[in-house]
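Asker: Have a look at this one before I ask anything.
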Amino acid sequence: MREIILPARLLRGLPAALLLIAGGLWLHAVAGPRQALLWAIGAGLGAVLLLARFGFTGAFRRLFHDGRSEGLRAQLLLIALVAGSFLPLLALGEVGGVALRGYVFPVGVALLIGAFLFGIGMQLGGGCGSGTLYAAGAGVPRLWITLAAFIAGATLAAWQAPLWQDLPALPPLSLPALFGTGPALALSLGLLAVAALAARARERARHGRVAPMPPALLAGAVGLALLSVATLLVAGRPWAITAAFPLWGSHLVAWAGWDDPSFWPYWEDPTRIEAFLRPLWADRITVMDVGLMVGAALAAALAGRLAPWRLPRPGEVLASLIGGLLLGVGAVLASGCNISAYVGGIASGSLHGWVWILPALAGNWVGARLRPLFRLD
């Protein structure tokens, strides 16, 4: 009998593939088909992020340091595609029996502080919410440290919610509610186009020409947009990542017997306490986050992009710890990260999404200048 020899990449990807299949079957059995489908969507998001090398942290740093804008333009394209789909769907209110709701949150002091801290944390920690998860899934040791500190920071912010929950804030403002769906969409697309043109003009002024967007990055923006719309239609809410982190940390606190987080003011919100009292596998964001990591691990193995094992340098460890804590605190204060606040907020027609990116960019600028202190490349 002829011996069958599997390519090395297939062998390396086999554990992630088996975990992906087993996880989907288990979720279908214990939580139903919707959670299993969200698991698969999460895996798809992780694969697209990794294969396209689609990120926010590196794109912002490249914009500040080199004046190159292809990463930012890919982000703006992603938001335009998602907003063009979300706003008409959200106007319907329901599709296929699934009630649809966007992310519309207040603009206040906590959001400004949180987004700024998050921006610093991105550059020190080495990733945002999505970047941290998919890089950790690909086996980057430093990002596992960032992820642990990210969860710790988010839990710390939830524990100390009385310090920031009552800071001054404006009521949530929805552009479709204010202007109507059509005008709100036109306004959003117009602002995104202006931002893209400004980025192109800056790059041309510095380099004499505008580098084209790599095909992989373009395909990544389209793929992420399609999966974001799928998330809305299946979950009834836009894609989110960081809301799961204080949930994980609070469960760990309760399991270790350190405190009873159900009595923290943060969890007194009816929606939050409902999520806290359910099993973790019933939480859609948790399922998608873990699925994202598994999908990134599988894609990295098949594409030959699994990170080689290397112990992080002391400066990298310290940067990951500080950056992760800032990411966690910032995400909780600002009601989200790049995915739920920046992409999801703008695509939902919320003013807070547009406001979030301004202090976040300022934080990234500061964080990029702090990187040499930790000897980060």
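Asker: Residue farthest toward the positive end of the dipole of the stretch 125-215, with Cβ of Lys/Arg at +1 and Asp/Glu at -1: which of 175, 140, 160?
Answerer: Positive-end residue among those listed: 140.
Asker: Per residue of the stretch 81-94, what does 6.51 cos²θ - 1.76 cosθ + 1.60 with θ = phi - 60° give for ³J(HN,Hα)? Whole Hz please, x for Gly and Pro, Karplus curve as stated.
Answerer: Taking θ as phi minus 60°, the curve returns 5, 5, 4, x, 8, 5, 4, x, 5, 5, 5, 5, x, 7 Hz for the stretch 81-94.
Asker: Follow-up. Provide the gained length on full extension for the span residue 210 to residue 170, in nm with one decimal, where the gain is 0.36 nm per separating residue minus the Cα-Cα distance.
Answerer: Contour length minus the Cα-Cα distance gives 10.5 nm.
Asker: On alpha-carbon atoms, Rg over Rh for the chain using Kirkwood Rh? Each step should come with its number before you reach the end.
Answerer: On the way: Rg = 20.2 Å, Rh = 21.1 Å.
Here Rg/Rh amounts to 0.96.
Asker: Work out, step by step, the length gained on full extension between residue 310 and residue 202: first 0.36 nm times the residue separation, then minus their alpha carbon distance; give nm to one decimal.
Answerer: Working: separation 108, 0.36 × 108 = 38.88 nm, distance 3.73 nm.
Value of the extension gain: 35.2 nm.
Asker: Among 280, 238, 257, whose Cα projects farthest towards the positive end of the dipole of the stretch 216-282, with charges put on the beta-carbon of Lys, Arg (+1) and Asp, Glu (-1)?
Answerer: Looking along the dipole axis, the top candidate is 238.
Asker: Ok, one more. Under 5 Å between amide hydrogens, which residues at least 5 positions from residue 95 or on another chain qualify, with H placed 1.01 Å from N in the peptide plane?
Answerer: Amide H neighbours of residue 95, under 5 Å, 5+ apart: 100.
Asker: Compute the separation of the alpha-carbon centres of the stretch 54-71 and the stretch 24-39 and state it in Å as a whole number.
Answerer: 37
Asker: Quick one: 3J(HN,Hα) in Hz for the stretch 150-161, Karplus 6.51/-1.76/1.60 with θ = phi - 60°, rounded, Gly and Pro as x.
Answerer: For the stretch 150-161, the Karplus-derived couplings read 4, 5, 5, x, 5, 5, 4, 5, 5, 5, 9, 3 Hz, x marking Gly and Pro.
Asker: Could I ask something else about it? Where the only charges are on Cβ atoms (+1 Lys, Arg; -1 Asp, Glu), what is the dipole of the chain about its Cα centre, to the nearest 20 debye?
Answerer: Details: 26 positive and 15 negative charges, 307 e Å.
The calculation lands at about 1480 debye.
Asker: What longest range of the chain stays clear of loop-exposed chymotrypsin sites (Phe, Trp or Tyr not before Pro) (DSSP non-H/G/I/E/B, at most 15 other C-beta within 10 angstrom)?
Answerer: In short, 1-257.
Asker: For a Förster distance of 25 Å, can you work out the FRET efficiency between the beta-carbons of residue 254 and residue 26, rounded to the nearest 0.05?
Answerer: Efficiency at R0 = 25 Å is approximately 0.60.
Computed from the coordinates by the stated procedures, all read-outs in this text should not be read as laboratory data. These numbers were taken from a predicted model, which means no experiment stands behind them. Neighbour counts run over all protein chains shown; Cβ positions are idealised from the backbone, glycine included.
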